[in-house]
Amino acid sequence: MKFWRPRTLLGLVLLGLGFVTLPLLVAIGNAWFKLGQLAAESEAVLSDSSTTTLENQKISSLLNTKERNARTYVELKDNVASASDRLNFYDADQAAFEQSVALLSALPSNGTIGDQLQKLVGQSRHLHRELRNGPPTQAALDAIVNDFSMLNSTARDVALGMRLEVNERLNRLQEKTRSAQQAIAWQSAALIPGTLVLVVLFLLLVGRPMRQVDRAIRELGEGDFSRPITVSGPNDIETLGRQLEWLRHRLKESTDEKNKFLRHMSHELKTPLANIREGTELLLDGSVGQLDREQQEVTGILRDNGVKLQKLIENLLMFSAWQTQTAQLELAEFELKPMVFGVLSQHRLVISNRKIKLRLNVSPITVRADEGKLKLVLENLLSNAIKFTPNDGAIHINAGMDDTDLVIDVADTGPGVHPDDGERIFEAFYQGRRPQGGPVGGTGIGLSVVAECVLAHGGSVCIVQDSEYSGAHFQVRLPLRRAADKRALAVVNG
């Protein structure tokens with residue numbers, strides 16, 4: 001079953017944003033609705049409470065005024081004009097009294113309060129009719145006083161009942177508020193993990209293709225073209241993945257062609273170079289006749305530069321082998337010290353002619369490694385040191401054990417490594433900023449071959465900063481013992 005998914009990264013981002021924000025918007029809307037309801041109900045309760053208080057006070061005041069007017073009306077019954085005025089005042093108070101009772105009746109209340117309000121209106125109207133029928137007798141007046149006492153008692157009961165009703169509504173409002181708070185709290189508590197799940201899901205949907213793209217670009221940058229590039233995700237990301245795969249094929253083809261060219265050219269150069277070296281050796285040996293001093297000097301220069309060219313070709317071949325992953329380690333035990341002196345003997349004439357001093361400190365240890373490649377490491381480091389060391393300078397070579405590592409140091413008194421070069425000098429074909437000496441320039445792969453050979457043994461090579469030596473200081477570290485399946489180095493005391 002194929003699930004629908006956005007076609008573009010922007011669509012995926014917008015979809016993820018919608019999934020993350022939708023629960024938040026729903027929770028905010030729900031909270032807003034509940035708070036609005038509570039606010040409206042609270043406003044209604046406060047308004048009803050204010051109306052109840054004011055109207056009850058007004059009713060109590062009107063009952064007192066009506067009672068006073070009724071007494072005055074009885075006392076002034078012989079004075080028709082004054083008695084009529086008092087009766088008119090009573091009529092106005094009765095109308096205001098009934099209006100206040102009507103306002104209270106309109107407020108939310110239980111049935112008991114409604115019956116009391118009806119009773120209050122009925123008693124008040126009965127008294128009003130009694131007064132309107134003419135001045136009462138003394139006995140009737142006593143009954144009116146008793147009726148007013150009953151009216152005041154009923155009014156107090158109404159006021160008390162309505163206060164209790166308001167308090168009950170306030171209690172219910174507080175309970176609703178607490179319930180709303182708890183509901184919002186539970187929604188928030190449920191929203192946090194739900195939002196986190198959606199965020200994680202969104203990150204997985206977006207992060208996975210971006211990690212695939214990042215890994216592909218990193219591998220291309222590191223020159224690893226062996227793994228096919230596959231990117232799954234939105235269409236635009238998949239299109240980017242296909243473009244990266246196309247780029248990988250092009251780079252791989254270009255690298256293969258370059259390595260093929262290097263191999264062919266190196267092999268083509270080796271045969272004539274071998275003939276040149278053989279010829280110069282025959283001339284120096286006197287096989288074709290004795291040479292005078294000047295002829296021997298010129299022939300020696302030809303031989304020395306032939307050796308340099310041969311090493312450059314060997315570096316090219318080794319570099320090509322590492323690039324095509326055809327180079328293999330051939331592990332064997334050998335003495336480190338004789339190997340070092342063997343490498344030095346190949347450069348003795350150049351070292352002697354330029355009066356370069358050698359400072360050696362090589363421990364007599366037995367090494368299990370690929371002797372040819374370790375010799376190539378030392379030859380390249382030594383050639384690099386000779387190239388940059390001035391006449392009458394010095395080269396330091398130290399080799400020994402440091403805890404669990406075999407450490408080889410090669411340092412010179414030349415200009416050193418430029419600060420801007422850094423680790424780039426171990427990149428293939430990179431030429432440093434320092435001027436090179438010698439009649440034959442470098443290819444820029446000598447130190448790259450050193451790094452490849454050392455890494456194949458499970459070790460590391462670096463430039464030592466703040467060295468005690470004035471020039472460049474390279475340090476090779478190889479582990480003493482590692483698992484055999486990692487094809488690493490094992491060093492034991494000799």
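The values are calculated or read from the model by the stated rules, or taken from the named source; none is laboratory data. Note that the coordinates shown come from a computational prediction; the quantities given were computed from them, not determined experimentally. Cβ atoms come from the backbone with ideal geometry, glycine included; neighbour counts cover every protein chain shown. Please note that ligands, DNA and RNA were not included when accessible areas were found on the heavy atoms of the full protein model with its side chains. Shrake-Rupley method; radii C 1.70, N 1.55, O 1.52, S 1.80 Å.
When you check Ala143 against the structure, is it closer than 19 Å to Ser60 by Cβ and either of a type in the set (Gly, Ala, Ser) or surrounded by 14 or more Cβ atoms within 10 Å (Cβ to Cβ) (or both), yes or no?
On the way: closer than 19 Å to Ser60 by Cβ: no; either of a type in the set (Gly, Ala, Ser) or surrounded by 14 or more Cβ atoms within 10 Å (Cβ to Cβ) (or both): yes.
Considered against the rule, which asks whether it is closer than 19 Å to Ser60 by Cβ and either of a type in the set (Gly, Ala, Ser) or surrounded by 14 or more Cβ atoms within 10 Å (Cβ to Cβ) (or both), Ala143 comes out as no.
What pairs come up if the first residue lies in region 164-188 and is farther than 30 Å from Thr112 by Cβ and among the acidic types (Asp, Glu), the second is open to solvent by less than 90 Å² (accessible area, probe 1.4 Å) and modelled with pLDDT of 85 or more, and their beta carbons are under 9 Å apart, counting only those six or more places apart or on different chains?
Pairs that qualify, where the first residue is farther than 30 Å from Thr112 by Cβ and among the acidic types (Asp, Glu) and the partner is open to solvent by less than 90 Å² (accessible area, probe 1.4 Å) and modelled with pLDDT of 85 or more: there are none.
Please find, among Asp370, Asp402, the residue that is open to solvent by less than 40 Å² (accessible area, probe 1.4 Å), charged (D, E, K, R) and at pLDDT below 90.
Answer to the check: Asp370.
Tell me, which residue of region 170-197 that is open to solvent by less than 60 Å² (accessible area, probe 1.4 Å) and within 28 Å of the chain's Cα centre (by Cα) is nearest to Ser47 (Cα to Cα)?
Among those that are open to solvent by less than 60 Å² (accessible area, probe 1.4 Å) and within 28 Å of the chain's Cα centre (by Cα), it is Ser188.
Each row is one residue, and each column tells you yes or no for (1) within 49 Å of the chain's Cα centre (by Cα); (2) not small (Gly, Ala, Ser).
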| site | (1), (2) |
| --- | --- |
| Phe334 | no, yes |
| Val343 | no, yes |
| His347 | no, yes |
| Asp370 | yes, yes |
| Val377 | yes, yes |
| Pro390 | no, yes |
| Ala411 | yes, no |
| Pro415 | yes, yes |
| Pro419 | yes, yes |
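State all residues of region 279-317 that are touching a Lys or Arg at 6+ places or on another chain (Cβ under 8 Å) and without any contact (Cβ under 8 Å) to a residue 40 or more places away in the chain; if no residue qualifies, say none.
Thr280, Glu281, Leu284, Arg303, Gly306, Val307
Select, from Glu268, Glu253, the only residue that is over 30 Å from Asn305 (Cβ atoms) and acidic (Asp, Glu). Break it down into steps so the answer makes sense when it comes.
Numbers: Glu268 fails: over 30 Å from Asn305 (Cβ atoms).
Exactly one residue qualifies, and that residue is Glu253.
Can you tell me how many residues within region 204-224 are within 20 Å of Glu427 (Cβ to Cβ) and open to solvent by 30 Å² or more (accessible area, probe 1.4 Å)?
The number of residues fulfilling the criteria is 6.
Is it true that some residue in region 232-239 is of a type in the set (S, T, N, Q), at pLDDT 75 or above and not in a helix (DSSP H, G or I)?
Yes; the residues of region 232-239 include at least one that is of a type in the set (S, T, N, Q), at pLDDT 75 or above and not in a helix (DSSP H, G or I).
May I ask you to verify whether Asp256 is touching a helix residue (DSSP H, G or I) at 6+ places or on another chain (Cβ under 6 Å) and modelled with pLDDT of 75 or more? Working first, answer last.
Working: touching a helix residue (DSSP H, G or I) at 6+ places or on another chain (Cβ under 6 Å): no; modelled with pLDDT of 75 or more: yes.
Judged against the criteria, Asp256 is not a match.
Hey, Val158 hits all of (1) among the hydrophobic types (A, V, I, L, M, F, W, C); (2) touching a residue at least 40 places away in the same chain (Cβ under 8 Å); (3) farther than 30 Å from Asn88 by Cα but one; which does it fall short on?
Among (1) among the hydrophobic types (A, V, I, L, M, F, W, C); (2) touching a residue at least 40 places away in the same chain (Cβ under 8 Å); (3) farther than 30 Å from Asn88 by Cα, the lone unmet condition for Val158 is (3).
Condition check ((1) farther than 19 Å from Ile386 by Cβ; (2) at pLDDT 80 or above) across all residues:
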position	(1), (2)
Thr271	yes, no
Asp304	no, no
Leu309	no, no
Met339	no, yes
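Quick test of your reading of the structure: Leu62 fulfils all but one of (1) crowded, with 17+ Cβ neighbours inside 10 Å; (2) within 26 Å of Leu191 (Cβ to Cβ); (3) not hydroxyl-bearing (Ser, Thr, Tyr). Name the failing condition by number.
(2)
Pick from Leu360, Leu382, Leu376: which is assigned to a helix (DSSP H, G or I) and under 14 Å from Phe341 (Cβ atoms)? Don't jump to the end; show me each part of the working.
Details: Leu360 fails: assigned to a helix (DSSP H, G or I); Leu376 fails: under 14 Å from Phe341 (Cβ atoms).
Answer to the selection: Leu382.
Restricting to region 217-231, and then to whatever is at pLDDT 80 or above and in a loop (DSSP other than H, G, I, E, B), can you tell me which residue is farthest from Glu452 (Cα to Cα)?
Among those that are at pLDDT 80 or above and in a loop (DSSP other than H, G, I, E, B), it is Val231.
Consider region 35-57. How many of its residues are closer than 24 Å to Gln99 by Cα, surrounded by fewer than 17 Cβ atoms within 10 Å (Cβ to Cβ) and either touching a Ser or Thr at 6+ places or on another chain (Cβ under 7 Å) or charged (D, E, K, R) (or both)?
The qualifying residues number 1.
Please identify the pairs in which a residue from region 1-22 that is closer than 22 Å to Gly194 by Cα and open to solvent by 60 Å² or more (accessible area, probe 1.4 Å) has its Cβ atom under 8 Å from the Cβ atom of a residue that is part of a helix (DSSP H, G or I) and at pLDDT below 70, counting only partners at least 6 apart or on another chain.
If the second residue must be part of a helix (DSSP H, G or I) and at pLDDT below 70, the pairs left are Arg5/Leu12.
To keep it simple, each residue is scored yes or no on (1) part of a strand (DSSP E or B); (2) over 19 Å from Glu222 (Cα atoms); (3) modelled with pLDDT of 85 or more.
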{"position": "Ala411", "(1), (2), (3)": "yes, yes, yes"}
{"position": "Val417", "(1), (2), (3)": "no, yes, no"}
{"position": "Asp420", "(1), (2), (3)": "no, yes, no"}
{"position": "Glu423", "(1), (2), (3)": "no, no, no"}
{"position": "Tyr430", "(1), (2), (3)": "no, no, no"}
{"position": "Gly437", "(1), (2), (3)": "no, yes, no"}
{"position": "Val449", "(1), (2), (3)": "no, no, no"}
{"position": "Phe474", "(1), (2), (3)": "yes, yes, yes"}
{"position": "Val491", "(1), (2), (3)": "yes, yes, no"}
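In the list Ala95, Ala81, which residue meets the criterion of being open to solvent by 50 Å² or more (accessible area, probe 1.4 Å) and modelled with pLDDT under 85?
Only one candidate qualifies: Ala81.
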